[in-house]
Each structure stands twice: as structure tokens, then as C-alpha cells.
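Before any comments, here is the structure.
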Amino acid sequence: MKHIGVLESNLSGSGFEGLKVAKELGHRVTFFTRDLDRYLAVPGGARYFDDYVDEIVLCETNEFASVMHKVRQMDPFHPFAGFLTLGDYDVVVAAGVASELGLQAPDPGAVTTARNKALMRRRCAAAGVPMPRFAQVTTYEQAVAAGREIGTPCVVKPADETSGSDVRRCSSVDEVTAHFLTIATKSSNARGQRRGYPKVLVEECVPGFEVSVEVLAMGEGRFHVFGVTDKTIGGHNHFVELGHLFPSQLDGRIVARCQEVAVDALRAVGFDLGMAHVEVRYNLTSGPALIEINPRPPGGRITDLIDLSLDVRCLELVVRQYLGEHIRDDLPSQATRGAAVRYLTADPGTIVSITGAEVAAGIKGVVQTEVYAAVGERVRPLRRNHDRIGHVLAVAGNAYLAGRLAEAGAHEIAVITR
């Protein structure tokens, strides 16, 4: 039995599943968090901690020194063989802790660069990775100038958020400056981490469709691409992910070009260990453009889609990497079937009824049906991924059919608000 430390996680599937994988491999799991209640509030979250976590350590996980102090207290009695995170906000601290302990970890400088969207943009631009035109903005005057130079519509977003938080398409310079002020006046991000500078990016809005590329970095410049995920985006002028389909049903040449951009971006920032979720926009005229590098396993049930399609367990591969185990080079990349997830939404308001979940679960091919909210709870306006209220996941002989089955299941579930 080895001892694994996990520093926080995301709330959309892969984080909880990572705990399960580590425990099922027979290891001791210690979870470090600053706020356990946020996990217990997720339907089914408490069960994961009861079944798959041996110790919970409360500390200020936003600070390296605080986490390192708790790790040092435990390490002499139960030495850590691996230390990782399964969430965006904590990749820098987790990589620093693992490196300090002499454990397997991605290069801390690489995850620092990838995590800060402004640093990432500069590094990838210098390496020639195609991307939208962008400007780093720290003042109102710079926001005005960026809006005029880049043109509208453009995208205004914070340099340190995730899950679509505070990302907005702006159609005028006035909207650019208003949203700049919304972000700039917040001293910390959604996780309570103090913001650095520049806080805000203004980017060209690339017309086209969005995909993500799921990549496993294997050290020594080696990368394994599991595949490309087709994404459905909604939320009006926000960028909320409403559906994922794996593997991509796009033309093979488009898929190959998106994969190439993702790997080039990871090389540019120096990401060298673990899974990365790289977002790309594709324009039929100009081709692929890098949007973001997320130096952690994908959320949004994408790890489930990969596993179901490729007959692999990608989170197990990540855990084994962090434990220093060898990962074979001949990992699967050809799908034997397809999988898809569709997310549930509802009009903002108080939920008065939820119907149809049993019907959706009974559709052949549907393997997951979950409603996150309950009668009496509030539905927020659809502005970020956390505003979704449930999902339906399906598997079939190909990804297109899986997508239709997931859509059919989602259509059966009615969440009525007032």
C-alpha cells in the first residue's frame, strides 16, 4: 500500500472518480482541503469521502507553506509516494509540494505558465502556436484601447478562472470596459486566491466551433493523444458547455490539426506529466486557434467518455504516473464505440417540480442520469458550467448515436421553475 495525497479536486466528475481510482488500487488516500462542505454539497459527494478517503486534512490550500506544513507533519509517519490535484486552482501548489518531496510531478514552472492565461498566451505566441489576437489589460484606458484594436465582438475574461467563470463575449467597447471593471474590481478568484497582474485578457472572438483535445504527457517530450471531444456551447454571450461527444465526428484532417495545435501548445509551456485538457476553436477559413490549456484531467464527464470509448481507465494512468510507475507507450487511441453527455438546464427561479428522470434512465444506451438540484432550490442564470443542473450520459456503437441518445434522455427530464 502506497500513500497518496490529493489536494482539492474539481466538482464535475473526474475529481471524485480520481479518489475512487486511487483507493481501488489499494492505496492510502489523504485529501487536503480548505472547505470540505463544498464537496459534501455535491450529490453523492459524501459517499466518495466515506468510501475512498482515509484522512481529511483541513488547511489553507491556497498557500504552499500551509499545505507543506501539514504534509511535513504526516510524511514521517506515513511517507507520501504521490501527491497531486484534480482541479485547476491547485495545480501550482500541488506541483510544488510533490517537487519538494522529490516525487513525480509536472514541472512547476510549466503548470504556473499554463494556469495563468496571460503567461500561457505569451509563451505560446512566441512558439508560433496559432491563437486569437489578444491584449493584457490592467487599466480602464487599456481596456478601451484593446476593445478598439481587436474589434468587437471580442472575449473578455480573467487570467485565472476556470469553468467559464466571468468569461463574456462583448459586442461593443462599452461592454468591454464594463466587464473589465467587473473582473478588475475582484481582488480574488472564485476559489479565494489573490489575483496577480494582469488580471484581464481581451481576445479576438474566433468564429467557428469549439473542441477540446485530451492529452497524456508522458515525459521526455512524449505525448499520447486520447482524442478530440466535440463540444456544444451555450449561454448566450457566455461560454457554458452543454454537451460533449467523444470521439469527435469531424473530418479527420480537422481532428489532426487540432491535435497538432494542442501538443505544440503543451510543448511550448513545458507541460511534461499527467493529463491536459486543451481547448481549441476551429475556423473553416483560418484553421485551429488555441483557446486555453488546462493542466489537469478534463471535467464535464469527459474522462468517462474516453474510458467508455477506448476501453481505458485514463485516471488510473494518471495516478500511476504520479506514483512513478511506467506507463506503456502503446495506449489506445482508436475508439471501439462512442459516448456523449448532455447537460440539463432550466429557467432561472425556484424549482417546483422535476419529472422524467426515470424515463430517461430507461432509454437503452443511457448509462448515467443525474439531476443535481432538488425541488425548492434555486436555478441560477446560465453563465458558467456550475450553473448546469444535471446530465445524461449515453454510450453506443458510434459517437453520433450516443449523442442522439443523450439528447433524447435529456429531453425527457423536465425541471420546472417559477
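Remarks
- Residues that are surrounded by fewer than 21 Cβ atoms within 10 Å (Cβ to Cβ) number at least 3 in the following strands (runs of 3 or more DSSP E) confined to region 342-407: 349-355, 366-371.
- Boolean, VAL176 is free of Cβ contacts under 8 Å to residues at least 60 places away in the same chain and either open to solvent by 20 Å² or more (accessible area, probe 1.4 Å) or hydrophobic (A, V, I, L, M, F, W, C) (or both): yes
- Taking the criterion of being touching a Lys or Arg at 6+ places or on another chain (Cβ under 8 Å) and either within 15 Å of GLY300 (Cβ to Cβ) or open to solvent by less than 10 Å² (accessible area, probe 1.4 Å) (or both), the only residue of region 212-228 that qualifies is SER212.
- Residues located in region 62-89, provided they are at pLDDT 95 or above, under 21 Å from LEU11 (Cα atoms) and assigned to a helix (DSSP H, G or I): VAL67
- Conditions (1) under 21 Å from the mean Cα position of the chain (by Cα); (2) buried (at least 19 other Cβ atoms within 10 Å of the Cβ): number failed by PRO198: (1)
- Qualifying residue in region 64-74 (condition: open to solvent by 40 Å² or more (accessible area, probe 1.4 Å), under 24 Å from THR112 (Cα atoms) and touching a residue at least 12 places away in the same chain (Cβ under 8 Å)): yes
- Within region 14-54, tally of residues that are of a type in the set (Gly, Ala, Ser), surrounded by fewer than 23 Cβ atoms within 10 Å (Cβ to Cβ) and under 17 Å from GLU370 (Cβ atoms): 4
- If the condition is being out of contact with any Leu (no Cβ under 7 Å at 6 or more places or on another chain) and touching a residue at least 40 places away in the same chain (Cβ under 8 Å), then region 46-63 contributes only ASN62.
- Pairs linking a residue in region 249-273 that is at positive phi to a residue that is open to solvent by less than 50 Å² (accessible area, probe 1.4 Å), with Cβ atoms under 8 Å and 6 or more positions apart or on different chains, are GLY270/GLY109; GLY270/ALA110; GLY270/THR113.
- Among the residues of region 293-304, those that are touching a strand residue (DSSP E or B) at 6+ places or on another chain (Cβ under 6 Å) and either of a type in the set (Ser, Thr, Tyr) or more than 10 Å from PHE226 (Cβ to Cβ) (or both) comprise ILE293, ASN294, PRO295, PRO297, GLY300, ARG301.
The values are calculated or read from the model by the stated rules, or taken from the named source; none is laboratory data. A quick note: this is a predicted structure, and the numbers were derived from the prediction, not measured. Counting neighbours? That spans all protein chains shown, and the Cβs are built from the backbone with ideal geometry, glycine included. Note: areas computed on protein heavy atoms with side chains; ligands, DNA, RNA excluded. Shrake-Rupley method; radii C 1.70, N 1.55, O 1.52, S 1.80 Å.
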